[in-house]
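Engineer: Please find one structure pasted underneath; my questions will follow.
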């Protein structure tokens, strides 16, 4: 009898062990696919698989890769349990890769998925996710070009009064009357910076006026390439005005490329030379207020302009006039009155109207519970 | 031809670099990196010219004995020391590093520290309540400043405890920064972005030629 009971107990224990083992058994990751990652340079493959149930016992995944005809190799770190995709960005172009997703349990047990079909990475020539951005760019460029063409035909373009630019002649006149110099600071941007190029164009216009009045124009630079470009530009402005003799190359010089040393140098010039007018035009960082306050303390008329929105409050507080953001880019058109520049300004305004209309429409639709315009704009990268 | 060549190059490279922003292909990305490298190569050549102008400027100051000309001698001494040690032994040399860490860095920090005093003097001028706008600015600035310090909320919760809003000072500050401030900043950013695109189109098409040194 005892033997029978013993046999029954052993049988029951065996049955229970087998049942627990089966319930803890891992299922292999299902629907594993490997595809060439869209909109990339052809150096990555995206592997995807179905999410495992919460009670699957899977604690992570390991991705294995096989180059056609070669052995399997583990790639990357162990992925957490909830992961359903992985981008292999370590592939070499031209090779075909097959992938296996290995599920790993807490106890270290593993089970592999089926091997995917081999896939090669291919680079795309056009990023399809950027189509809306591309279309917007084309439309905006077309609007600017059309307006430039229209302005060239002789149509008058209205430009609102910009006090900061109206004051340019006043500042130059003041310096001339006082017999003092004009200090022009281009900020810290290099020649590849659009704000610096806008500033250089304004400098060219100011140089034409100072050439007429023979007012010294001092330009300390912090970028060697900018220095060489503006030397040539100011010289050309003086030549165009028929005053090459008034041009002094020594007035345009390299100070330093260090941010605060540059600010110290400019401040020193302000305090020593006491220029009657100070122009701060271009890209500025923390040094903006150091220069603007020093200019204010010496009583110079100051006209600032920048597209760095963080520095605008400092300029507004310390300078007499400030060109806010886009006004810096409008300055060339405003000062030169060139129809081509004026036309491009009107094109910019068209862009603003479209953006403003999209904002108003978006707000109305969002308030009405329709969110497609918001989700569309969020998708644009 | 003196102008046409650079303008044609600017047009070609401008269009090509716009294309690289929309094309992830390795060829276009390689082109982008290559052009950036070319830009970096030009800088050292221009730097030589810049250093020459720096020396010329200070020689002139010394020769003419202009005001504070003695500081120009300090420029020459500093330049000579850094060049004589830096060129043969490299920028990682311990003396060069010591000079950088113990001379340039403290001087930069000194200039940066001055900003606090300049902000105070600029704020004093800006916040004088002479007009409606200046008064509005003053009130807004006061709210933001009070909301920025812990004592602001403490005072709010103690003095204005009858208002059913906890930590109102920091919440008011955050509202000002998140709503009116951010909205106006985004307006400026939108205008700037359109201005940048417009300026870039003018440069690519050769309408804007200031970067060529002016003239037609």
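The values are calculated or read from the model by the stated rules, or taken from the named source; none is laboratory data. Given the structure is predicted, the values throughout are model-derived calculations rather than measurements. So basically every Cβ, Gly included, is an ideal-geometry build from the backbone, and we count neighbours across all protein chains shown.
Engineer: Counting just the residues of the stretch A:280-300 that are closer than 23 Å to residue B:67 by Cβ and buried (at least 21 other Cβ atoms within 10 Å of the Cβ), which one comes out farthest from the other protein chains (Cβ to nearest Cβ)?
Structural biologist: A:300
Engineer: While we're looking at this one, here's another question. Any residue at all in the stretch B:131-144 that's part of a loop (DSSP other than H, G, I, E, B) and surrounded by 12 or more Cβ atoms within 10 Å (Cβ to Cβ)?
Structural biologist: no
Engineer: Picking from B:172, B:116, B:122, B:109, which residue would you name as being within 30 Å of residue A:326 (Cβ to Cβ) and either in contact (Cβ under 8 Å) with a residue 24 or more places away in the chain or within 13 Å of chain A (Cβ to nearest Cβ) (or both)?
Structural biologist: Selected residue: B:122, the only one of B:172, B:116, B:122, B:109 that is within 30 Å of residue A:326 (Cβ to Cβ) and either in contact (Cβ under 8 Å) with a residue 24 or more places away in the chain or within 13 Å of chain A (Cβ to nearest Cβ) (or both).
Engineer: To continue, here is another question. Considering only the stretch A:161-177, how many residues are assigned to a loop (DSSP other than H, G, I, E, B) and either surrounded by 18 or more Cβ atoms within 10 Å (Cβ to Cβ) or not assigned by TED's automatic domain parsing to the domain that holds residue A:270 (or both)?
Structural biologist: Residues flagged as assigned to a loop (DSSP other than H, G, I, E, B) and either surrounded by 18 or more Cβ atoms within 10 Å (Cβ to Cβ) or not assigned by TED's automatic domain parsing to the domain that holds residue A:270 (or both) within the stretch A:161-177 amount to 1.
Engineer: Within the stretch A:125-144, does at least one residue satisfy the condition of being within 12 Å of another protein chain (Cβ to nearest Cβ), outside any helix (DSSP H, G or I) and crowded, with 18+ Cβ neighbours inside 10 Å?
Structural biologist: Yes; the residues of the stretch A:125-144 include at least one that is within 12 Å of another protein chain (Cβ to nearest Cβ), outside any helix (DSSP H, G or I) and crowded, with 18+ Cβ neighbours inside 10 Å.
Engineer: Could you identify the single residue in A:303, A:316, A:324, A:298 that is in the same structural domain as residue A:188 (by TED's automatic domain parsing), within 21 Å of residue A:216 (Cα to Cα) and free of Cβ contacts under 8 Å to residues at least 40 places away in the same chain?
Structural biologist: Residue meeting the stated conditions: A:298.
Engineer: Inside the stretch A:358-381, can you point out the residues that are under 24 Å from the mean Cα position of the chain (by Cα) and without any contact (Cβ under 8 Å) to a residue 12 or more places away in the chain?
Structural biologist: Correct list: A:359, A:375, A:378.
Condition check ((1) away from chain B (no Cβ under 11 Å); (2) more than 37 Å from the chain's Cα centre (by Cα); (3) free of Cβ contacts under 8 Å to residues at least 40 places away in the same chain; (4) surrounded by 17 or more Cβ atoms within 10 Å (Cβ to Cβ)) across all residues:
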| site | (1), (2), (3), (4) |
| --- | --- |
| A:236 | no, no, yes, yes |
| A:242 | yes, yes, yes, no |
| A:263 | no, no, yes, yes |
| A:270 | yes, no, no, yes |
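Engineer: Have a look at B:73, B:47, B:31, B:40 and point out the one that is out of contact with any strand residue (DSSP E or B) (no Cβ under 7 Å at 6 or more places or on another chain), at pLDDT below 85 and more than 8 Å from every other protein chain (Cβ to nearest Cβ).
Structural biologist: B:40
Engineer: I want to confirm something. Restricting to the stretch A:164-222 and keeping residues that are within 34 Å of the chain's Cα centre (by Cα) and free of Cβ contacts under 8 Å to residues at least 12 places away in the same chain, which single residue is farthest from the other protein chains (Cβ to nearest Cβ)?
Structural biologist: A:166
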